[in-house]
Amino acid sequence: MLPMLQVTGLSAGFEDVPVLDGVSMTATPGSTVAIVGPNGAGKSTLLKAVYGLARVRSGRVVFRRDGAEHDITGWPPHRLTALGLNYVPQTDNVFAALSVRENLLLGATARPRQALARMERLLVEFGPLRTVLDRPAGALSGGQRQSLAVARALMSEPVLLLLDEPSAGLAPSAVGTVFGHLARLRSEGLTIVIVEQNARLVLARADNAYVLEGGRNRYEGPGPELLQDARVVELYLGGGAHATTPATPAAADQ
Ligand SMILES: Nc1ncnc2c1ncn2[C@@H]1O[C@H](COP(=O)(O)OP(=O)(O)OP(=O)(O)O)[C@@H](O)[C@H]1O
Ligand SMILES: [Mg+2]
């Protein structure tokens, strides 16, 4: 099966700061792909470079859907959203001063006529958001806000969702809620590329995973296999503030 997303030899960064150095990755249709690695590895930059928010110096990003192939290298976000990709940043991913309803409707600006019907459908799946529709997004709990950020991205009816650390800073119960959403979306066939601080959680669920380090590919393979790989465990657990620290590092992964 041809990949839906194919990143080849991508070098990208910000203004004069090079971050990614020849990174490659693919996501086949319907798969969940995890991007993990230490702080500063370039994980967020990879998502931003795909979504037109970082400067691409060289390399190629290809997106395929419905039998058509699009070279989307350097495309701006609004064009990508219209094509079927969407992106949920780690922070500032909702408009705090706007209501939940306004946030959702703004997510569908590429398809305004279907917006209300789409919102109704999403509110079936994201039930708790219905009770806070008129509340400002800034007044939501962390978990509700992440649910809203994901639902808002889904308003554009993407086939590929790029997610940057959706569980960061959430209470354990809220992490469960967010991963519950992701499991359901995956079962519905959505292709997901997820950057996640909680490597254990995400690798266990990822069809494929990439470990980045220093802006380069370091390891890749099926998520559960990487989770068993001592080199990966060592690299990741050696990372910075985001690394989770189990009581017995190696045994915790068995
Ligand atoms: N807007 C920016 N301008 C300049 N440099 C940046 C910018 N954003 C990130 N960087 C730098 O790029 C490098 C990679 O950052 P990036 O945010 O992609 O890492 P990350 O793997 O997502 O890390 P974390 O786990 O902390 O989120 C870091 O050295 C960072 O300082
Ligand atoms: Mg990041």
Suppose we filter region 170-195 for residues that are within 16 Å of ligand 1 (Cβ to nearest atom) and under 25 Å from M25 (Cα atoms); how many remain?
3
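From the list V36, V17, exactly one residue is of a type outside the set (G, A, S) and under 30 Å from L140 (Cβ atoms). Which is it? Don't jump to the end; show me each part of the working.
Working: V17 fails: under 30 Å from L140 (Cβ atoms).
The conditions single out V36.
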For region 154-178 the number of residues that are closer than 23 Å to L140 by Cα and open to solvent by 20 Å² or more (accessible area, probe 1.4 Å) is 9
Of the residues that make up region 113-122, is at least one in contact with a helix residue (DSSP H, G or I) (Cβ under 8 Å, 6 or more places away or on another chain) and part of a loop (DSSP other than H, G, I, E, B)?
no
Condition first: within 12 Å of ligand 1 (Cβ to nearest atom) and touching a strand residue (DSSP E or B) at 6+ places or on another chain (Cβ under 6 Å). Now tell me which residues in region 197-211 satisfy that.
A199, Y210, V211
Please list, ordered by residue number, the strands (runs of 3 or more DSSP E) wholly in region 1-105 having 3 or more residues that are within 16 Å of ligand 1 (Cβ to nearest atom), open to solvent by less than 20 Å² (accessible area, probe 1.4 Å) and without any contact (Cβ under 8 Å) to a residue 60 or more places away in the chain.
5-14
Any residue in region 95-107 that is in contact with a strand residue (DSSP E or B) (Cβ under 7 Å, 6 or more places away or on another chain) and within 25 Å of G221 (Cβ to Cβ)?
no
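The values are calculated or read from the model by the stated rules, or taken from the named source; none is laboratory data. Predicted model, so just to flag it, every value in this text is computed and none were measured. For neighbour counting, all protein chains shown are included, and Cβ atoms are generated from backbone atoms with ideal geometry for every residue, glycine included. Remember, those area values only see protein heavy atoms, side chains included, never the ligands or the DNA or RNA. Shrake-Rupley method; radii C 1.70, N 1.55, O 1.52, S 1.80 Å.
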